[in-house]
1. Got a sec? Which residues in region B:207-225 would a label at B:Lys280 touch, if it sits 7 Å along Cα→Cβ and we count backbone N under 13 Å?
2. Output the DSSP H helices from chain A with an along-axis C-alpha extent of no less than 18 Å and a mean Kyte-Doolittle hydropathy no less than -1.0.
3. Any of C:Lys114/C:Lys163; B:Lys279/C:Lys215; A:Lys23/A:Lys222 with alpha carbons more than 31 Å apart? Name them for me.
4. Could you list B:Asp153, C:Asp85 in order of exposure, starting from the residue whose Cβ has the fewest other Cβ atoms within 10 Å?
5. Kindly list the residues of region C:96-119 that lie in the label zone of C:Glu20, defined by a backbone N under 13 Å from the point 7 Å along the Cα-to-C-beta vector.
6. Return the ratio Rg/(2.2 N^0.38 Å) for region C:193-243, where Rg is computed over Cα atoms only.
7. For region C:174-221, run through the trypsin sites (Lys or Arg not before Pro) and keep only the ones in DSSP coil with at most 12 other Cβ atoms within 10 Å of their Cβ.
8. Give the relative contact order (percent, whole number) for region A:20-107; include only Cα pairs under 8 Å separated by 6+ residues.
Amino acid sequence: MSSCSCGHEHDQAINPLIPTRAKVIKIVEETPDVKTFFISTLDDKKPFDPNPGQLGMLSLPDIGEAMFSVTDKGENHIEMAIKAIGKLTYTLHEIEVGQEVGIRGPYGNGFPLDYFKGKDILFIGGGIGLAPVRSLIMHCLRNREDYGKLTVVYGARSKADLCFKDDLFNNWPKVPNMEVFITIDKEEEGWDGHVGFVPAYVEELAPKPQATVLCGPPIMIKFTLPILQKMGFADKDIITTLEMRMKCGIGKCGRCNIGSKYVCLDGPVFSMEELKDLPPEY
Amino acid sequence: MFTFQESEIKNLLNALAKEYKVFVPAKVGDESKFVPYDDNVELYWDRNVLLSVKDKFFPHTEPMYKFKTKRKTVEIEPLASKDEPVLLFGVRSCDLQALNCLDQVFLTKGFVDEFYRTKRDQATIVALGCNEAEDTCFCTAMGVDPQKGNGADIQAYRTQGKFGMEALTEKGQKIIDILKSYLKEENLQVPETQGFQLQPDMDGVAEKLKGMFDAELWAEVAPTCLNCGACTYICPTCHCFDISQDVRGEEGFKYRCWDSCMFEEYTLMAGGHNPRPSKKERVRNRFMHKLCYFPERYNMLLCTGCGRCLNVCPVNLHITSIIGKVKEAN
Amino acid sequence: MATMEQLTLQLRETAREILESKKAAAVIGWEKGTFWYTTTPVVLTKPEDTERLVWNEYCLNNLAKYLLDFQHSNEKVAIFARGCDSRGINRLIQDKQIDRDKVLIIGLACPGMKDDKKARELGQNADIPLAKKCQECAYPDALVYDLWIGEPKEVAKPVPEAKVFPEVEAIEQMTPDDKYASFAANYEKCLRCYACRNVCPACNCKECIFGNSSKEWSAKANNLSENMFFALTRALHVAGRCIQCGECERICPVNIPIMLLNKKIIQDIDRLFGPYEAGLDPEDKMPLGSFEFTDPEEFM
Amino acid sequence: MSVNEALDPKASAQTPEDWQPKILVFACNWCTYAGADLTGLSRLQYPATVRILRVPCSGRVNPQFVIKAFQKGVDAVLVCGCHPGDCHYTTGNYYTRRRFLLMRRLMEYIGLEPERLQARWISAAEAPKFQQVITEVTEQIRALGPNRKLRDVQWQQWNS
């Protein structure tokens, strides 16, 4: 057993670049272009036990391999929410339950759980950006008493584009001391919720968390950050998870670097303070 | 130190060839590279080889595993790695230091790259000192001793028509034992390496580069670059790779192959976003990685002064002139 | 006859004047390299930087392709041009990649550049031969220009003539297996670094099938078959557009004789469709972009 | 595939007796493909080892298609189109003619037997000519044996 930087003991004897066989046991259609895949090993166990915010490399060997955040995990499976955007993801969107895949992981540092303990947390998500953030939310729900007030501010282009609708509308509102605010970009027939972009909505709600988790398209981050800073949030208290082109997932192939840090190994979770002294190249 | 006459070299190599797969530096047409030893190889001692030993440990294209994808099933079959002891005879100090850089990348930080490790463990390295530098050499400026390789199993010298050898590890001692009958115990006067024309001044460069992300230097230098992969593929320390697959119907091989940070699609994401979209970002990242990021991560320069990129760059965009410009920048 | 040192001063003066008077936003030329036998192509935007420009016997790089970096800027660009550069510029104009009126061409008469690799071997005071591409050059002086440096030269209207290359004919005599053996031996060395494509003024597609895995035409794997697919496809894609500047062969890190393919195609074009030389005049009809009813017929 | 494998005499000795030549025919949609159709309609037999790939015009055939075919193990490529003057797009086949006059010579120059890359004009009415051309080319290639030049054997090498 080698001490692995992900803080997780796993059997290093296997070659980290060779995936293990797994299968898709359930597919949930979240939005027209996002599906959540429930993945277990062939003997119905979890392929690996990721911490919230960690990543896994999913592959259809004859098509390709790509890194996805693990949005949640169950007793014997892990969940990955995948948006159809490239060759592999479009093919994934056509597979059926029972399809065998290759999987390897866990990769990345994951969210700093000790840092969040006992704090009121604000989760800001945009579109598919909610997927990695949700892994932390679900962790907080499973250990509810360890964490303070939970506030979720989530936006998407349209009602149909809202991911994890079941959680947003049914499960999370029922959780004690947890508020969920949802917005969509444009007015829509049959939608009586808030309309507008996430940054403006956050400013309007003016929440007072002790820690913020932020993940969404670059445009949303670009406009939300100044608002958070204006509301006096310290950079060390704004945590984000980044997306980069990844091939090896174990900090060797060189492409996912920001300065001297590799997003697949030293990230994907960084605080704004950490990002400040890295080159703005992500 | 043990010595033998240079005229004897072929007998020694034949003796070693019984135990190891021996690679020697040779002239092949206009190029020079390490080739498997046999009698009619044209041995090449007076200069460092053009193609380094990098591809003996990190091949240009290497199959990783075989897979079968029938309808919904997937089978993955790792490939057995060839198990044969390899001997590299005549590796220069700069290429040896490059191997130390590759060791840092492939063997540390929580994950070990098995493909690289197996080849590295099976290899015995006989380093060879340089008596004369080429005009493009600048290894001393990068902290490399041309007469003393860092991490060799045997340090060899070539002077006065003789080869001298000192075993530094028991892998090296095993070589000395095999060649016992050919060797004479004697000390050779190891000459000082001559002929260095380039002496880039490296002190403070890594530190200074930290603050030079937005320097004008990059916009000035980048337009010259053609963004080809010549420098990265010839560099003994460059280690970036891509992973792809060769599929035939329901079967295929997943392989990894060299990639270059200078190529446009290197960081291109599926959605179209590219953190390093143009030449400026890519040229900056290449030199920052070699002179600033890698030292910050592994406290070791990712350039050993071998000078190959100075030789092959189609537009003579030389790392030594970049270092000079970084020093001058205010 | 002004020496190259005197011409260098004129180069600098012209470039400075262009940048100061804003006639062009940038000047593309050569600057001194690390060694006495090297120069580096450079794109200058500040007048005071023009002091770095040089004009000597090692200004080997073809500058034409750098114009592609200015495709999307609506500013004018100035460029020094010898014969081969001007042919490259004509090619880019003919391929509609750049507009003629956005390029300020400063013409030069080229004495033929020296072989930098030989220079490095032989040393400074040896008699250094011309670069191979310059030995075979038919148009050393700029064919199109707005300004001229050095004695005004009456550049005759270029008339293409059919060419025959001995090294190509030598290969044509070989048996099929020998031909294949030498061709394969060359491309077994290829590193697929794409320097030959990136330096070539005829290779200017917006999206190339090589180095673009989404196209799935060429695998990134380096094996003899993929290397040959790259070499042959590129040769045929630049057929009738290769200006014989010889840069691909000169800069190949593993010294592959790439021009052997291009010269074969040039020789065949001359034989089949009449003498043609790429890049002489953007109005010329391109051999593979045009046809004659009287073309040879072998497919009946 | 290293150099010697393609030229290795014993490799050609290993040609299985039941080896059939794989020939790829690029057939232009308006003439040759219709001609091939007519050949079938008129019950004219031609070797079944031919693979016909329909293209809008013979001018659509890019050199990379041909070389990729040889890479993937085809033994010969036949580019067929309308007779000059009959092209549905008026000039397509004139460009094809120039392109393949050049390509044939280049492929011969690198060592490919000339019979392995041919082009023919076959109109929609010339069913017998289509049959005759296909039969003729198949016999020529059967005599030459399988093509090993340009072939991608990385997969076989890794598999062994």
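Laboratory data are not the source of any read-out in this text; all were calculated from the coordinates shown. This is a predicted model, so every value here is computed, not measured. A quick note on method: Cβ atoms are made from the backbone with ideal geometry, for glycine too, and the neighbour counts reach across all protein chains shown.
1. B:213-224
2. Once both thresholds are applied, what remains is A:218-230.
3. Pairs exceeding the cut-off: A:Lys23/A:Lys222.
4. Going from sparsest to densest Cβ surroundings: B:Asp153, C:Asp85.
5. Taking a point 7 Å out along Cα→Cβ of C:Glu20, no residue of region C:96-119 has its backbone N under 13 Å.
6. Values: Rg = 10.8 Å, N = 51, 2.2 N^0.38 = 9.8 Å.
So the Cα radius of gyration is 1.11 times the expected 2.2 N^0.38 Å.
7. Passing sites in region C:174-221 are C:Lys206.
8. Taking the mean separation of contacting Cα pairs over the length of region A:20-107, I get 37 percent.
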